[in-house]
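Colleague: This is the structure, below, for whatever I ask next.
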Amino acid sequence: MPFLVPSSTELMAATIESLRRHRIVIWASRRDGAIRRLDQRAADRVEYAETAAKYEYLNLSAGEGARD
C-alpha cells in the first residue's frame, strides 16, 4: 500500500479494503511490517513474503534486474 499517515482513519480504511482482496498487505512506511488476515497459514505467508523480499533485495544489490 502507498504511504498513509500512521494511526490515521485513512490507513485503517485502506488496510481493511486491501485485506478484502489480498491475504497480506505491506505498508509503505519505514518501520511497519506486514498485516495479514488471521487464518491457519497466515504466519507462513508472511514468512514467504519476507524471504522473497530478502532475495529480491539481494538480486537488486548484485546488479540483477527485478523478477516478475
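Colleague: Might you check whether a residue that is at pLDDT below 85, out of contact with any strand residue (DSSP E or B) (no Cβ under 8 Å at 6 or more places or on another chain), of a type in the set (Asp, Glu) and surrounded by 10 or more Cβ atoms within 10 Å (Cβ to Cβ) occurs anywhere in the stretch 53-64?
Modeller: yes
Colleague: Find the residue count for the stretch 25-44, including only residues that are out of contact with any Asp or Glu (no Cβ under 9 Å at 6 or more places or on another chain) and either part of a loop (DSSP other than H, G, I, E, B) or at pLDDT 80 or above (or both).
Modeller: Let us first name the residues in the stretch 25-44 that are out of contact with any Asp or Glu (no Cβ under 9 Å at 6 or more places or on another chain), namely 25, 27-32, 35-44.
Keeping just the survivors that are either part of a loop (DSSP other than H, G, I, E, B) or at pLDDT 80 or above (or both) gives 25, 27-32, 37-41, 44.
Total meeting the criteria: 13.
The values are calculated or read from the model by the stated rules, or taken from the named source; none is laboratory data. Since the model is a prediction, treat every value here as computed from it, not as a measurement. As a convention, Cβ positions derive from the backbone with ideal geometry for all residues, glycine included, and neighbour counts pool all protein chains shown.
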